[in-house]
Every structure is written in C-alpha cells, then in structure tokens.
Amino acid sequence: MREARLILEHDLYVRLCRSRDYLAASLEGKPHLEDAARVAFLSPYHFHRLFARAFGETPHSFLTRMRIERARQLLAAEHLPVTDVCLAVGYESLGSFSTLFRAQTGRTPMEFRREVRRVFPSALIPPAGFMPTCLLLRFGYRIH
C-alpha cells in the first residue's frame, strides 16, 4: 500500500512539474489557471493547492517571479525600452509592471538598468556562471 502511495505521489509531482514547465513557457502570453491545471490533470482548485504545497509558491507567484527574472535579463542585456520589456514579459500595463518589479527587486526597472550598466558598461553582460556571487545577490538573483 505504501509503495502505491509513493508512486501516486511521484506521478502527481511529475504532472505538477509538467504544468510548471507549461507556465514557464507561457510567460509572454496569458496562461490561465484552468489550462495549467488541465496539463496536470487536476481541477483548478486542487491544482492551485497542490502546486503551492509542492513548490512553496502559488502559480501566480511563480509566473510573477519568472516574468520579473526575464525582465531583469532583458533590462541588463538588451537595449529595449522599458515599455517593450514590459510587453515582452507578458504585462500590458507599464505601471503594474514597474510596481511589481520594484516590489521584487527593490528598484524601478530604470534604476536596475542604470545600476547594471554602471557595473558593466559594456552591452555584453557576462553569463551568471562567470559573475561573482556577491554581484548576483546584489542584483536580486537567487543562488540555489
């Protein structure tokens, strides 16, 4: 009986991971909770509850975190206007995007870009693997 429960839990975790991957691949669009739940073969209610339990954050929090992370990358490495970055990561309102970005990073998108460009004047930002951990932490990256 215990083995059957572990297999079921493993299967559920795999389905939740597949759904999380679906959400991560849908950053530019507007993924719906129902669609993500369908990928995991769960009702939206159970999907939300189990996703939060499995990953320690809600699907919405996960999407927000991933979008802000992608925005950091674009702001650091590209010469796109902040409005274009906002749209590229799936937000329609520059105000909402800027508020969320500041809440997540402690700086506005422009402040973040200025600070990164001050530290790395070149348009070519080195990959994170070559950056000292202290700099990664300063710019809000999470080290796992």
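The values are calculated or read from the model by the stated rules, or taken from the named source; none is laboratory data. Just so it is clear, the model here is predicted, and its values are computed rather than measured. Note: accessible area is taken over every heavy atom of the protein model, side chains too, but ligands, DNA and RNA are not part of it. Shrake-Rupley method; radii C 1.70, N 1.55, O 1.52, S 1.80 Å.
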Relative contact order (%) - the range 1-113, alpha-carbon pairs under 8 angstrom, separation at least six: 21
Using a 1.4 Å probe, what is the accessible area per residue for the range 1-116, in Å²? 58
Classify the range 1-105 as rounded, prolate or oblate from the Cα gyration tensor: take a ≥ b ≥ c as the square roots of its eigenvalues, call it rounded if a/c is under 1.5, otherwise prolate when a/b beats b/c and oblate if not. prolate
Using θ = phi - 60° and Karplus 6.51 cos²θ - 1.76 cosθ + 1.60, couplings along the range 85-100 (whole Hz; Gly, Pro as x): 5, 3, 5, 5, 9, x, 9, 9, 10, 4, x, 4, 4, 4, 5, 5
Mean separation of Cα pairs under 8 Å and 6+ residues apart, divided by the residue count of the range 59-113: what relative contact order is that in percent? 34
Residue by residue, what Karplus-based ³J(HN,Hα) values in Hz, rounded to whole numbers, does the range 101-112 have, using 6.51, -1.76 and 1.60 with θ = phi - 60° and x for Gly and Pro? 4, 5, 5, 7, 10, x, 9, 6, x, 5, 4, 4
